[in-house]
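The structure under discussion appears below in the form of C-alpha coordinates.
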Amino acid sequence: MGTVLGQSINESKKIDTELFLSKYSEKYELKSFLKQGIFNTLLVTSKKDSNYDPGIPFVIKLFPISNDNYLKYSQEFTEIKNLYSNLESSPNVVPIIKLDQMKEANAGIIIRQYIKYNLKQALYYLTCTSEVEKKWICFQLLQGLRQIHSKLKCHGDIKPENILVSSKLSVFFSDISVYKPVYIIIENLQLYNTFFYCNSVDRACYLAPERFVEKLDEVNNNLNELTQEMDIFSLGVVFAEIFLDKQNIFTQNDLINYKIKKIDIREKLNGINDINIRNVIKNMIDIEPKKRIRLPELIIFFGDNLCPSPITRFIAHLNLMIIVYGYYRNDLLVALLYNHFIQIWKSLCINNKNLENMKIPKLKKNLNKYLILQLLSNKYNIYKIKCEFPLAFIQNDYNDKKNKEVFIESEINSNFFIHTNYNMGFYNNNPHEIEDDCTIIIIKYLLSCLENIKYISTYSSIFEMIYNLSKILVKKKNWNIIIDLIVPNYINLFEINNSKVNIEAYNSLIEILNLINYDELILNKID
(Lines give C-alpha, C1' and ligand atoms only; values in the text may rest on other atoms or scores of the structure.)
Protein backbone atom coordinates (compact mmCIF):
# COMPACT_ATOMS: atom_id res chain seq x y z
CA MET A 1 0.00 0.00 0.00
CA GLY A 2 1.17 3.53 -0.72
CA THR A 3 3.33 3.16 -3.83
CA VAL A 4 0.66 4.19 -6.34
CA LEU A 5 -0.30 7.14 -4.19
CA GLY A 6 3.37 8.12 -3.93
CA GLN A 7 4.08 7.80 -7.63
CA SER A 8 1.03 9.82 -8.62
CA ILE A 9 1.70 12.99 -6.63
CA ASN A 10 1.94 16.05 -8.81
CA GLU A 11 3.54 19.22 -7.49
CA SER A 12 0.79 21.23 -9.19
CA LYS A 13 -1.66 19.68 -6.72
CA LYS A 14 -0.10 21.00 -3.55
CA ILE A 15 -1.94 21.26 -0.26
CA ASP A 16 -3.92 24.46 0.29
CA THR A 17 -2.56 25.04 3.80
CA GLU A 18 -4.21 28.46 4.15
CA LEU A 19 -7.64 26.96 3.43
CA PHE A 20 -7.01 24.25 6.00
CA LEU A 21 -5.93 26.77 8.66
CA SER A 22 -8.97 28.97 8.02
CA LYS A 23 -11.29 26.00 8.53
CA TYR A 24 -9.61 24.96 11.79
CA SER A 25 -8.91 28.49 13.06
CA GLU A 26 -11.50 28.18 15.85
CA LYS A 27 -9.78 25.09 17.27
CA TYR A 28 -6.07 25.65 16.72
CA GLU A 29 -3.56 28.48 16.56
CA LEU A 30 -0.57 28.06 14.27
CA LYS A 31 2.77 28.38 16.09
CA SER A 32 5.24 27.31 13.42
CA PHE A 33 5.91 25.14 10.38
CA LEU A 34 7.98 22.14 11.46
CA LYS A 35 8.46 21.08 7.84
CA GLN A 36 7.32 22.44 4.49
CA GLY A 37 7.20 21.05 0.98
CA ILE A 38 4.81 18.68 -0.74
CA PHE A 39 4.07 17.49 2.80
CA ASN A 40 3.45 20.12 5.48
CA THR A 41 3.90 19.59 9.21
CA LEU A 42 2.50 22.24 11.54
CA LEU A 43 2.92 22.93 15.25
CA VAL A 44 -0.33 24.31 16.68
CA THR A 45 -1.86 24.93 20.10
CA SER A 46 -5.44 24.39 21.16
CA LYS A 47 -7.84 27.29 21.69
CA LYS A 48 -10.49 27.82 24.37
CA ASP A 49 -13.37 26.38 22.34
CA SER A 50 -11.39 23.20 21.61
CA ASN A 51 -12.09 19.92 23.39
CA TYR A 52 -8.72 20.40 25.09
CA ASP A 53 -7.42 22.96 27.57
CA PRO A 54 -6.06 26.07 25.83
CA GLY A 55 -2.38 26.09 24.98
CA ILE A 56 -1.89 22.32 24.60
CA PRO A 57 0.46 21.72 21.64
CA PHE A 58 -0.37 19.38 18.75
CA VAL A 59 1.34 18.38 15.53
CA ILE A 60 -0.72 18.37 12.33
CA LYS A 61 0.67 16.55 9.30
CA LEU A 62 -0.90 17.36 5.93
CA PHE A 63 -0.28 15.14 2.95
CA PRO A 64 -1.62 15.69 -0.58
CA ILE A 65 -4.41 13.71 -2.17
CA SER A 66 -5.14 13.14 -5.83
CA ASN A 67 -8.39 14.90 -6.70
CA ASP A 68 -8.22 13.35 -10.17
CA ASN A 69 -8.69 9.90 -8.71
CA TYR A 70 -10.54 10.64 -5.49
CA LEU A 71 -12.25 7.26 -5.23
CA LYS A 72 -8.91 5.41 -5.30
CA TYR A 73 -7.48 7.85 -2.80
CA SER A 74 -10.46 7.30 -0.46
CA GLN A 75 -9.80 3.56 -0.52
CA GLU A 76 -6.15 4.10 0.37
CA PHE A 77 -7.11 6.59 3.06
CA THR A 78 -9.47 4.03 4.58
CA GLU A 79 -6.56 1.58 4.75
CA ILE A 80 -4.44 4.22 6.50
CA LYS A 81 -7.19 4.84 9.05
CA ASN A 82 -7.55 1.11 9.68
CA LEU A 83 -3.81 0.75 10.23
CA TYR A 84 -3.64 3.55 12.80
CA SER A 85 -6.79 2.19 14.46
CA ASN A 86 -5.07 -1.19 14.87
CA LEU A 87 -2.03 0.49 16.44
CA GLU A 88 -4.00 2.45 19.06
CA SER A 89 -3.07 -0.01 21.81
CA SER A 90 0.66 0.05 20.98
CA PRO A 91 2.47 1.88 23.80
CA ASN A 92 5.59 2.74 21.77
CA VAL A 93 3.73 4.14 18.74
CA VAL A 94 2.77 7.80 19.07
CA PRO A 95 -1.03 8.00 19.47
CA ILE A 96 -3.07 9.62 16.71
CA ILE A 97 -5.75 12.01 17.97
CA LYS A 98 -7.52 12.50 14.65
CA LEU A 99 -7.17 11.22 11.11
CA ASP A 100 -9.34 12.94 8.51
CA GLN A 101 -9.43 14.27 4.97
CA MET A 102 -10.29 17.67 3.52
CA LYS A 103 -10.92 17.36 -0.19
CA GLU A 104 -11.24 21.10 -0.86
CA ALA A 105 -7.74 21.68 0.57
CA ASN A 106 -6.34 18.65 -1.26
CA ALA A 107 -5.19 17.33 2.12
CA GLY A 108 -5.17 14.22 4.23
CA ILE A 109 -4.89 15.19 7.89
CA ILE A 110 -3.14 13.44 10.78
CA ILE A 111 -3.26 15.13 14.19
CA ARG A 112 -1.11 13.75 16.99
CA GLN A 113 0.14 14.87 20.35
CA TYR A 114 3.30 16.95 20.43
CA ILE A 115 6.48 15.41 21.81
CA LYS A 116 9.32 17.91 22.02
CA TYR A 117 12.32 15.85 20.95
CA ASN A 118 13.08 13.52 18.10
CA LEU A 119 15.79 10.94 18.75
CA LYS A 120 18.67 13.03 17.42
CA GLN A 121 17.61 16.02 19.52
CA ALA A 122 17.09 13.84 22.60
CA LEU A 123 20.59 12.41 22.42
CA TYR A 124 21.89 15.99 22.56
CA TYR A 125 19.47 17.96 24.74
CA LEU A 126 18.63 15.16 27.18
CA THR A 127 22.33 14.24 27.35
CA CYS A 128 21.75 10.53 26.77
CA THR A 129 25.44 9.77 26.74
CA SER A 130 25.68 6.77 29.08
CA GLU A 131 25.68 3.27 27.63
CA VAL A 132 22.72 2.21 29.76
CA GLU A 133 20.54 5.07 28.47
CA LYS A 134 21.38 4.13 24.90
CA LYS A 135 20.49 0.49 25.60
CA TRP A 136 17.24 1.58 27.24
CA ILE A 137 16.30 3.60 24.15
CA CYS A 138 17.18 0.66 21.87
CA PHE A 139 15.17 -1.72 24.04
CA GLN A 140 12.07 0.48 23.62
CA LEU A 141 12.65 0.74 19.86
CA LEU A 142 12.68 -3.04 19.62
CA GLN A 143 9.42 -3.23 21.56
CA GLY A 144 7.85 -0.53 19.36
CA LEU A 145 8.86 -2.32 16.18
CA ARG A 146 7.48 -5.57 17.56
CA GLN A 147 4.17 -3.81 18.24
CA ILE A 148 4.04 -2.57 14.63
CA HIS A 149 5.05 -5.91 13.09
CA SER A 150 2.57 -7.79 15.26
CA LYS A 151 -0.17 -5.96 13.34
CA LEU A 152 1.27 -7.49 10.14
CA LYS A 153 2.50 -4.07 9.03
CA CYS A 154 5.90 -2.45 8.57
CA HIS A 155 7.04 1.06 9.39
CA GLY A 156 8.89 1.77 6.15
CA ASP A 157 10.73 4.97 7.14
CA ILE A 158 12.61 4.40 10.39
CA LYS A 159 15.01 7.28 11.06
CA PRO A 160 15.79 9.56 14.03
CA GLU A 161 13.31 12.20 12.82
CA ASN A 162 10.48 9.64 13.05
CA ILE A 163 11.43 8.49 16.55
CA LEU A 164 10.13 10.73 19.34
CA VAL A 165 11.51 10.82 22.90
CA SER A 166 9.84 12.38 25.93
CA SER A 167 11.72 14.07 28.78
CA LYS A 168 11.20 10.83 30.73
CA LEU A 169 13.01 8.89 27.97
CA SER A 170 9.84 7.18 26.77
CA VAL A 171 10.33 6.34 23.08
CA PHE A 172 7.70 6.37 20.32
CA PHE A 173 7.63 5.62 16.61
CA SER A 174 5.82 8.19 14.47
CA ASP A 175 5.05 8.80 10.80
CA ILE A 176 4.47 5.20 9.73
CA SER A 177 4.98 5.51 5.98
CA VAL A 178 1.92 3.76 4.60
CA TYR A 179 1.57 6.46 1.91
CA LYS A 180 5.21 6.40 0.74
CA PRO A 181 6.71 4.37 -2.13
CA VAL A 182 8.55 1.15 -1.34
CA TYR A 183 11.15 1.26 -4.14
CA ILE A 184 13.27 4.11 -5.48
CA ILE A 185 14.73 4.09 -9.01
CA ILE A 186 18.42 4.96 -8.73
CA GLU A 187 18.43 7.07 -11.91
CA ASN A 188 15.49 9.12 -10.69
CA LEU A 189 15.84 10.03 -7.02
CA GLN A 190 13.02 12.58 -7.02
CA LEU A 191 10.80 10.25 -5.02
CA TYR A 192 13.54 9.80 -2.43
CA ASN A 193 13.92 13.57 -2.02
CA THR A 194 10.15 13.98 -1.78
CA PHE A 195 9.40 11.26 0.74
CA PHE A 196 12.57 10.20 2.57
CA TYR A 197 15.03 13.09 2.52
CA CYS A 198 16.51 13.61 5.98
CA ASN A 199 16.90 17.18 7.24
CA SER A 200 20.20 16.40 8.95
CA VAL A 201 23.26 18.33 7.84
CA ASP A 202 25.11 15.09 7.10
CA ARG A 203 22.33 13.92 4.71
CA ALA A 204 22.10 10.55 6.41
CA CYS A 205 20.19 7.75 4.69
CA TYR A 206 18.41 4.94 6.54
CA LEU A 207 16.58 2.98 3.81
CA ALA A 208 17.45 -0.67 3.19
CA PRO A 209 19.67 -1.08 0.08
CA GLU A 210 17.19 -3.38 -1.69
CA ARG A 211 14.78 -0.44 -1.92
CA PHE A 212 17.09 1.26 -4.45
CA VAL A 213 16.62 -0.43 -7.84
CA GLU A 214 17.74 0.16 -11.43
CA LYS A 215 14.19 -0.36 -12.67
CA LEU A 216 10.97 -1.56 -11.15
CA ASP A 217 10.97 -4.69 -13.33
CA GLU A 218 13.79 -6.17 -11.25
CA VAL A 219 11.62 -6.23 -8.12
CA ASN A 220 10.41 -9.76 -7.50
CA ASN A 221 7.77 -9.05 -4.87
CA ASN A 222 4.70 -6.86 -4.97
CA LEU A 223 5.59 -3.19 -5.50
CA ASN A 224 3.38 -2.23 -2.58
CA GLU A 225 4.95 -4.63 -0.11
CA LEU A 226 7.32 -3.48 2.58
CA THR A 227 9.19 -6.25 4.38
CA GLN A 228 10.20 -6.64 8.00
CA GLU A 229 13.80 -7.10 6.88
CA MET A 230 13.72 -3.53 5.52
CA ASP A 231 12.72 -2.23 8.94
CA ILE A 232 15.43 -4.29 10.66
CA PHE A 233 18.07 -2.71 8.37
CA SER A 234 16.85 0.83 9.07
CA LEU A 235 16.74 0.18 12.81
CA GLY A 236 20.29 -1.20 12.67
CA VAL A 237 21.49 2.06 11.07
CA VAL A 238 19.72 4.01 13.84
CA PHE A 239 21.33 1.79 16.49
CA ALA A 240 24.74 2.47 14.95
CA GLU A 241 24.12 6.21 15.10
CA ILE A 242 23.09 5.98 18.76
CA PHE A 243 26.26 4.13 19.80
CA LEU A 244 28.53 6.20 17.54
CA ASP A 245 27.37 9.38 19.32
CA LYS A 246 25.18 10.69 16.48
CA GLN A 247 27.65 9.88 13.69
CA ASN A 248 25.75 8.31 10.78
CA ILE A 249 27.17 5.43 8.73
CA PHE A 250 25.41 5.98 5.39
CA THR A 251 24.67 8.84 3.05
CA GLN A 252 22.49 8.14 0.02
CA ASN A 253 25.54 7.56 -2.20
CA ASP A 254 27.17 5.39 0.46
CA LEU A 255 24.09 3.21 0.63
CA ILE A 256 23.91 2.70 -3.13
CA ASN A 257 27.62 1.81 -3.16
CA TYR A 258 27.08 -0.49 -0.19
CA LYS A 259 24.36 -2.27 -2.17
CA ILE A 260 26.85 -3.11 -4.94
CA LYS A 261 29.59 -3.92 -2.38
CA LYS A 262 31.83 -1.00 -3.30
CA ILE A 263 32.29 0.13 0.30
CA ASP A 264 32.84 -1.64 3.61
CA ILE A 265 31.40 0.01 6.71
CA ARG A 266 33.16 -2.22 9.24
CA GLU A 267 35.73 0.48 9.93
CA LYS A 268 33.00 2.93 10.94
CA LEU A 269 31.37 0.34 13.20
CA ASN A 270 34.70 -0.27 14.93
CA GLY A 271 34.04 3.01 16.72
CA ILE A 272 31.48 1.11 18.84
CA ASN A 273 33.34 -0.13 21.91
CA ASP A 274 31.02 -3.02 22.83
CA ILE A 275 31.86 -5.87 20.46
CA ASN A 276 28.48 -7.53 21.06
CA ILE A 277 26.55 -4.41 20.04
CA ARG A 278 28.85 -3.99 17.06
CA ASN A 279 28.19 -7.55 15.89
CA VAL A 280 24.43 -7.23 16.37
CA ILE A 281 24.39 -4.11 14.19
CA LYS A 282 26.50 -5.80 11.51
CA ASN A 283 23.93 -8.57 11.42
CA MET A 284 21.01 -6.15 11.25
CA ILE A 285 22.48 -4.27 8.26
CA ASP A 286 23.57 -7.28 6.22
CA ILE A 287 23.24 -6.59 2.48
CA GLU A 288 21.26 -9.80 2.05
CA PRO A 289 17.79 -9.33 3.60
CA LYS A 290 17.33 -13.01 4.46
CA LYS A 291 20.61 -13.04 6.42
CA ARG A 292 19.48 -10.30 8.78
CA ILE A 293 18.55 -11.34 12.27
CA ARG A 294 14.79 -11.66 12.79
CA LEU A 295 13.09 -9.40 15.30
CA PRO A 296 12.08 -12.11 17.85
CA GLU A 297 15.67 -13.39 18.07
CA LEU A 298 16.98 -9.82 18.18
CA ILE A 299 14.78 -9.02 21.18
CA ILE A 300 15.91 -12.18 22.95
CA PHE A 301 19.60 -11.52 22.26
CA PHE A 302 19.34 -7.90 23.29
CA GLY A 303 17.50 -8.66 26.52
CA ASP A 304 19.67 -11.59 27.53
CA ASN A 305 23.11 -10.27 26.69
CA LEU A 306 23.07 -6.50 26.23
CA CYS A 307 20.39 -5.07 28.54
CA PRO A 308 21.06 -4.67 32.28
CA SER A 309 18.55 -6.74 34.22
CA PRO A 310 16.80 -3.79 35.98
CA ILE A 311 15.50 -2.70 32.56
CA THR A 312 13.69 -5.99 32.03
CA ARG A 313 12.94 -6.44 35.71
CA PHE A 314 11.00 -3.26 36.42
CA ILE A 315 11.93 -0.18 34.33
CA ALA A 316 10.04 -1.50 31.28
CA HIS A 317 6.97 -2.00 33.49
CA LEU A 318 7.31 1.44 35.02
CA ASN A 319 7.52 3.00 31.56
CA LEU A 320 4.33 1.23 30.51
CA MET A 321 2.51 2.52 33.57
CA ILE A 322 3.46 6.06 32.61
CA ILE A 323 2.39 5.64 28.98
CA VAL A 324 -0.67 3.41 29.30
CA TYR A 325 -2.17 4.29 32.66
CA GLY A 326 -1.59 8.00 32.95
CA TYR A 327 1.28 8.25 35.43
CA TYR A 328 2.79 10.99 33.29
CA ARG A 329 1.44 13.57 35.78
CA ASN A 330 4.50 14.47 37.78
CA ASP A 331 3.04 14.44 41.29
CA LEU A 332 1.42 11.06 40.73
CA LEU A 333 4.53 9.55 39.14
CA VAL A 334 6.67 10.69 42.07
CA ALA A 335 4.13 9.18 44.46
CA LEU A 336 4.29 5.91 42.53
CA LEU A 337 8.10 5.82 42.69
CA TYR A 338 8.12 6.79 46.36
CA ASN A 339 5.55 4.14 47.21
CA HIS A 340 7.74 1.42 45.63
CA PHE A 341 11.15 2.95 46.27
CA ILE A 342 12.47 0.18 48.52
CA GLN A 343 11.67 -2.44 45.88
CA ILE A 344 13.28 -0.26 43.21
CA TRP A 345 16.37 0.18 45.41
CA LYS A 346 16.68 -3.59 45.86
CA SER A 347 16.32 -4.17 42.12
CA LEU A 348 19.08 -1.67 41.37
CA CYS A 349 21.42 -3.26 43.90
CA ILE A 350 20.80 -6.94 43.13
CA ASN A 351 23.65 -9.02 41.67
CA ASN A 352 26.23 -6.44 42.77
CA LYS A 353 28.18 -7.51 45.84
CA ASN A 354 29.27 -3.98 46.75
CA LEU A 355 25.73 -2.65 46.57
CA GLU A 356 23.98 -5.65 48.15
CA ASN A 357 25.73 -4.83 51.45
CA MET A 358 24.46 -1.25 51.48
CA LYS A 359 21.98 -0.34 54.17
CA ILE A 360 18.41 -0.21 52.85
CA PRO A 361 17.16 3.38 53.22
CA LYS A 362 14.33 4.27 55.58
CA LEU A 363 12.17 6.90 53.95
CA LYS A 364 11.25 9.75 56.27
CA LYS A 365 8.67 11.73 54.35
CA ASN A 366 4.97 10.89 54.16
CA LEU A 367 3.19 11.01 50.85
CA ASN A 368 0.64 13.77 50.38
CA LYS A 369 -2.76 12.38 51.44
CA TYR A 370 -4.39 13.49 48.18
CA LEU A 371 -1.78 11.61 46.17
CA ILE A 372 -2.34 8.51 48.31
CA LEU A 373 -6.04 8.70 47.50
CA GLN A 374 -5.25 9.05 43.81
CA LEU A 375 -3.01 5.99 43.95
CA LEU A 376 -5.63 3.97 45.82
CA SER A 377 -8.48 5.07 43.57
CA ASN A 378 -6.69 3.94 40.43
CA LYS A 379 -7.93 0.42 39.69
CA TYR A 380 -4.59 -0.28 38.02
CA ASN A 381 -2.68 0.73 41.13
CA ILE A 382 -0.78 -2.53 41.12
CA TYR A 383 -0.84 -2.10 37.41
CA LYS A 384 -1.91 -5.10 35.42
CA ILE A 385 -0.12 -4.47 32.14
CA LYS A 386 -2.09 -5.52 29.05
CA CYS A 387 0.72 -5.59 26.54
CA GLU A 388 1.81 -9.22 26.65
CA PHE A 389 3.77 -8.37 29.77
CA PRO A 390 3.18 -10.30 32.98
CA LEU A 391 2.27 -8.39 36.12
CA ALA A 392 4.78 -5.80 37.17
CA PHE A 393 3.20 -5.69 40.59
CA ILE A 394 0.90 -8.17 42.29
CA GLN A 395 -2.60 -6.77 42.69
CA ASN A 396 -3.78 -6.64 46.28
CA ASP A 397 -6.92 -5.90 48.21
CA TYR A 398 -6.57 -2.72 50.21
CA ASN A 399 -9.35 -3.84 52.54
CA ASP A 400 -7.09 -6.64 53.70
CA LYS A 401 -4.44 -5.02 55.89
CA LYS A 402 -2.39 -8.21 55.98
CA ASN A 403 -2.06 -8.32 52.22
CA LYS A 404 0.86 -6.11 51.23
CA GLU A 405 2.08 -5.11 47.78
CA VAL A 406 4.64 -7.43 46.31
CA PHE A 407 7.08 -6.33 43.64
CA ILE A 408 8.12 -8.99 41.15
CA GLU A 409 11.91 -9.02 41.09
CA SER A 410 12.43 -11.58 38.34
CA GLU A 411 12.99 -10.66 34.70
CA ILE A 412 10.12 -10.44 32.26
CA ASN A 413 9.39 -13.92 30.99
CA SER A 414 6.67 -14.08 28.35
CA ASN A 415 6.04 -15.51 24.90
CA PHE A 416 7.64 -12.56 23.15
CA PHE A 417 10.58 -12.14 25.50
CA ILE A 418 11.97 -15.53 26.49
CA HIS A 419 15.22 -15.66 28.41
CA THR A 420 17.35 -18.36 26.92
CA ASN A 421 20.93 -19.22 26.12
CA TYR A 422 20.24 -19.17 22.37
CA ASN A 423 23.53 -18.27 20.77
CA MET A 424 24.55 -16.94 17.35
CA GLY A 425 28.24 -17.25 17.98
CA PHE A 426 29.06 -13.71 19.03
CA TYR A 427 27.46 -13.44 22.47
CA ASN A 428 29.67 -14.16 25.43
CA ASN A 429 28.16 -12.01 28.17
CA ASN A 430 26.38 -13.30 31.23
CA PRO A 431 23.42 -10.99 31.90
CA HIS A 432 24.24 -10.92 35.61
CA GLU A 433 27.72 -9.59 34.92
CA ILE A 434 26.61 -6.48 33.02
CA GLU A 435 27.84 -3.48 35.01
CA ASP A 436 25.71 -0.71 33.44
CA ASP A 437 24.22 1.39 36.23
CA CYS A 438 20.47 1.85 35.68
CA THR A 439 20.31 4.33 38.56
CA ILE A 440 20.66 7.19 36.07
CA ILE A 441 17.36 6.24 34.39
CA ILE A 442 15.43 6.51 37.69
CA ILE A 443 17.22 9.77 38.53
CA LYS A 444 16.22 11.22 35.16
CA TYR A 445 12.61 10.19 35.79
CA LEU A 446 12.74 12.15 39.04
CA LEU A 447 14.55 15.19 37.61
CA SER A 448 12.03 15.38 34.76
CA CYS A 449 9.31 15.67 37.42
CA LEU A 450 10.74 18.87 38.92
CA GLU A 451 8.53 20.95 36.58
CA ASN A 452 4.76 21.42 36.82
CA ILE A 453 4.51 20.11 40.39
CA LYS A 454 1.29 20.79 42.27
CA TYR A 455 2.23 19.78 45.83
CA ILE A 456 5.22 21.02 47.83
CA SER A 457 5.54 17.57 49.44
CA THR A 458 6.38 16.17 46.00
CA TYR A 459 9.64 18.14 46.00
CA SER A 460 10.53 16.62 49.36
CA SER A 461 9.90 13.12 48.05
CA ILE A 462 12.09 13.76 44.99
CA PHE A 463 14.93 15.16 47.11
CA GLU A 464 14.86 12.19 49.46
CA MET A 465 14.86 9.60 46.67
CA ILE A 466 17.65 11.31 44.71
CA TYR A 467 19.75 11.57 47.89
CA ASN A 468 19.45 7.81 48.46
CA LEU A 469 20.13 7.03 44.79
CA SER A 470 23.21 9.25 44.99
CA LYS A 471 24.61 6.80 47.56
CA ILE A 472 24.58 4.14 44.83
CA LEU A 473 26.33 6.53 42.43
CA VAL A 474 29.03 7.29 44.98
CA LYS A 475 29.51 3.61 45.76
CA LYS A 476 30.03 2.93 42.04
CA LYS A 477 32.13 6.11 41.68
CA ASN A 478 29.72 7.66 39.18
CA TRP A 479 30.37 11.16 40.51
CA ASN A 480 29.92 12.73 37.09
CA ILE A 481 26.16 12.06 37.22
CA ILE A 482 25.95 14.03 40.46
CA ILE A 483 28.13 16.90 39.25
CA ASP A 484 26.92 17.17 35.65
CA LEU A 485 23.25 16.20 36.04
CA ILE A 486 21.89 16.54 39.58
CA VAL A 487 23.69 19.73 40.65
CA PRO A 488 22.57 21.92 37.65
CA ASN A 489 18.94 20.79 38.05
CA TYR A 490 18.98 21.63 41.76
CA ILE A 491 20.54 25.03 41.12
CA ASN A 492 17.69 25.80 38.70
CA LEU A 493 15.25 25.27 41.59
CA PHE A 494 16.66 28.33 43.36
CA GLU A 495 14.81 30.44 40.77
CA ILE A 496 11.42 29.14 41.95
CA ASN A 497 9.56 31.76 43.93
CA ASN A 498 9.02 29.54 46.97
CA SER A 499 11.36 29.84 49.94
CA LYS A 500 10.50 26.37 51.30
CA VAL A 501 11.45 24.70 47.99
CA ASN A 502 14.61 26.85 47.77
CA ILE A 503 15.74 25.84 51.28
CA GLU A 504 14.96 22.15 50.79
CA ALA A 505 16.79 22.10 47.44
CA TYR A 506 19.81 23.82 49.02
CA ASN A 507 19.95 21.45 52.01
CA SER A 508 19.48 18.40 49.81
CA LEU A 509 22.23 19.53 47.44
CA ILE A 510 24.63 20.00 50.38
CA GLU A 511 23.79 16.50 51.65
CA ILE A 512 24.47 14.95 48.24
CA LEU A 513 27.75 16.82 47.75
CA ASN A 514 28.88 15.68 51.21
CA LEU A 515 28.61 12.08 50.02
CA ILE A 516 31.49 12.58 47.58
CA ASN A 517 35.03 11.71 48.59
CA TYR A 518 36.79 14.59 46.86
CA ASP A 519 40.30 13.24 47.44
CA GLU A 520 39.31 10.04 45.63
CA LEU A 521 37.58 12.05 42.92
CA ILE A 522 40.73 14.10 42.24
CA LEU A 523 42.94 11.00 42.18
CA ASN A 524 40.61 9.31 39.68
CA LYS A 525 40.68 12.38 37.41
CA ILE A 526 44.48 12.40 37.51
CA ASP A 527 44.59 8.69 36.64
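The values are calculated or read from the model by the stated rules, or taken from the named source; none is laboratory data. Note that this is a predicted model, so its numbers are computed, not measured. Methodologically, a virtual Cβ is constructed for each residue, glycine included, from the backbone with ideal geometry; neighbour enumeration extends over all protein chains shown. For the accessible areas, the whole protein counts, side chains as well, though only heavy atoms, and no ligand, DNA or RNA atoms are used. Shrake-Rupley method; radii C 1.70, N 1.55, O 1.52, S 1.80 Å.
Between the listed residues 40, 58, 30, the Cα displaced farthest toward the positive end of the dipole of the stretch 17-65, a dipole computed from Cβ unit charges relative to the Cα centre, is found at 40.
Take each peptide in 264-276, 100-112, count the other Cβ atoms within 10 Å of every residue, and average; sorted highest first, the result is 100-112, 264-276.
Cross-link check: pairs 364/500; 27/151; 23/153; 362/444; 159/215; 14/116 evaluated at a Cα-Cα cut-off of 29 Å; pairs beyond the cut-off: 27/151; 23/153. Surface composition of the stretch 210-335: carbon plus sulfur atoms contribute 45% of the solvent-accessible area (1.4 Å probe, protein chains only, all chains present).
Could you rank the peptides 207-213, 234-240 by their average count of other C-beta atoms within 10 Å per residue, with the highest value first?
Going by the mean number of other Cβ atoms within 10 Å, highest first, we get 234-240, 207-213.
Put simply, when 300-308, 180-188, 32-40 are sorted by average Cβ atoms within 10 angstrom per residue, most first, you get 300-308, 180-188, 32-40.
For the pair residue 353 and residue 27 in one chain, pulling the backbone fully straight at 0.36 nm per residue adds 111.6 nm over the alpha carbon distance. Fully extending the segment from residue 287 to residue 185 would add 34.9 nm, taking 0.36 nm per residue of separation and subtracting the current Cα-Cα distance.
For residue 151 and residue 100, a Förster radius of 22 Å and the Cβ-Cβ distance give a FRET efficiency of 0.55, rounded to the nearest 0.05. Where the centroid of each part is defined by its Cα atoms, how far is the stretch 459-504 from the stretch 270-306 in Å? Cα centroid to Cα centroid, the span is 37 Å.
State the extension gain, in nm to one decimal, for the chain segment bounded by residue 346 and residue 452, taking 0.36 nm per residue of separation less the distance between their alpha-carbons.
35.2 nm
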